[in-house]
1. Considering Cα pairs under 8 angstrom that are at least six residues apart, work out the relative contact order of segment 62-363 and quote it in whole percent.
2. Please report, largest first and rounded to whole Å, the three semi-axes of the ellipsoid equivalent to segment 62-363, where each semi-axis is the square root of five times an eigenvalue of the C-alpha gyration tensor.
3. Go ahead and set up a Gaussian network model of the chain, Cα springs under 10 Å, then flag whichever of Gly367, Gly37, Gly358 fluctuates most.
4. At 0.36 nm per residue, and after removing the present C-alpha to C-alpha distance, how many nm does the segment from Ala303 to Gln212 gain when stretched out fully?
5. In segment 28-130, which GluC sites (Glu not before Pro) are in a loop and have at most 11 other Cβ atoms within 10 Å, using DSSP for the loop call?
6. Just the ratio, please: alpha-carbon radius of gyration of segment 76-191 over 2.2 N^0.38 Å, N its number of residues.
7. Any idea how far apart Gln41 and Glu340 come out in nm if each label point goes 7 Å out from Cα toward Cβ?
8. Quick check for you: which residues of segment 30-55 have the amide N under 15 Å from the point 7 Å beyond the Cα of Asp365 toward its beta carbon?
Amino acid sequence: MGRSVLIHGDLLYAATAQELSVHPDSWMLVEEGKVEGIYEQKPEIENCEIRDYGKQLIIPVFADIHIHSVQYGQRGLGMNVELLPWLSTYTFKEEARFEDLEYGKKVFPLLLNELWSLGSFNLCTFSSKHLESSLMLMDMYEKAGFRAYVGKVNMDCCDEPRLKEECDISFADTKEWLERSKQYKNVKPIITPRFAPSCTEPLLRHLGDLVQEHDLPVQTHLNENFGEISWVQELFPDSENYYDVYRQYNLNPKGRTVLAHCIHNTEEELEAMLEDEVFVAHCPASNINLSSGIMPLREMIDAGFNIGLGSDIGAGDRLFMGTAAVDAIRSSKLYSMMSEDEVDPVNYVEAFYLATAGGGALFGDCGKFSEGSSADYLVVDDKCWPASDRISLEERLQQFLYLGGAEQITERCMRGEIVEKPFPDVC
């Protein structure tokens, strides 16, 4: 029999967007890194480690399913322009710096420490175009205890000369990256055409062939900005719409495609995306920061889309997924106010679900405390807020989402094991 751990505290999780499961003063039994069950009374288990967190909240770790790891250093810059000039003026220049591995060794530990501190352990991230930097990032995530998809970016169309790849070299580097990434257990590769305008048709075709040959997931961007959509129409006139470009090149593996933003979608695209069971990465902060628009979150939840949240740094400015959840609520309220139809805004339970189990589903049975789920949890000490000893657990969770951060998270665990700070000598 494997290792057993009993965890005591006030447990909360959302297995669905409709219901928050609340277990005050309860015990969660973990067997071999998975949740065996939650009990009101302490089970009698022999040779079992006890972790008693008292009155602290215990919630699932957060999932950030759209994050640009190589944009960590540029957060907060260029928030006065829209997407396309922001990319050319700020982002491409920053990403080009990762050709130098020493720069990655400086930036990545800072990023991983902050993600650790804020409890984001399930990640779907873009690296840069650089083979060695992408592998170094994967290596750091693996050793630090994260669960992640990491993508080496492909782009053979770019106005930044240091980032523009040759099609054949991009394809060859991607194949080498896939082969070398087999060494990792919890960090996996994901095919990553930056977005349709950054890739020629031959490169898209090569990437689609890799997806089919190796059964790989895909991440990219979709319908973020009106200028971007018009550009796609010019470059791919034979495609029915933006999403059809990815479909034509087999970059739409069923249930394994992550599309960021998805703001300005046609009905035809929505139908095709539902058919392909895509994961939508809702990035409310960056959508507002770059004046891109407001994603119709309520309609997409009600339609049955797989949805998670993305910090989308550096267009997003904060890594804390509690903030992303609150931004999703606020954006949804604005959308509801502006809509000619009656559209209910998203509530905190739905937003919490998106930040945990919604995005966690991309990685398997993650982001919840259902039987058989991976035992990935955060311990939250909220006694710093004067109301915490007299309000309900539901209200304490809501307060943490709105007011919380790294200061309230006292322990972080993946697969039942406590995860220490990845780079303790780095701030």
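Every read-out reported here was derived from the displayed coordinates using simple, explicitly stated rules and does not represent laboratory data. None of these values were measured; they are calculated from a predicted model. Neighbour counts run over all protein chains shown; Cβ positions are idealised from the backbone, glycine included.
1. About 20 percent, as a whole number.
2. 27, 22, 19
3. It is Gly37.
4. 30.0 nm
5. Those satisfying the criteria are Glu40, Glu44, Glu46.
6. This ratio for segment 76-191 stands at 1.09.
7. 6.2
8. Inside the label zone: 30-38.
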